[in-house]
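The next block holds one structure in the form of structure tokens; read it before the comments.
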Amino acid sequence: MKISGRNFIKGKVLDVKKGVTTANVHVEIAGGVVLTASITNEAVDDLKLEKGMTVHALIKASDVMIAVD
């Protein structure tokens, strides 16, 4: 597979928590940092995601916001 995105990070799936239509997938990357991806349950099933799998998180963001109190 080829993909145009360049912002991807290798990690391991910590857990997959399915909701009614959307799942939260927690991926541990280098340094113990955990990324959370919200994807459809259908995508979880298609990718056969499960705890311990090695995956790549592809990041595409048009904005990054920062807030302070």
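Taken over the range 11-60, the criterion of being touching a residue at least 40 places away in the same chain (Cβ under 8 Å) and exposed (fewer than 14 other Cβ atoms within 10 Å of the Cβ) is satisfied by Lys12, Gly52, Thr54, His56, Leu58, Ile59, Lys60.
Please specify each residue of the range 1-38 satisfying the condition of being assigned to a strand (DSSP E or B) and of a type in the set (D, E, K, R). Within the range 1-38, Lys10, Lys12, Asp15, Lys17, Lys18, Glu28 qualify.
Every number here is computed from the coordinates shown, using simple stated rules; none is lab data. Because the structure is predicted, anything quoted here is derived from the model rather than measured. Note that we place each Cβ from the backbone using ideal geometry, even for glycine, and neighbour counts take in every protein chain shown.
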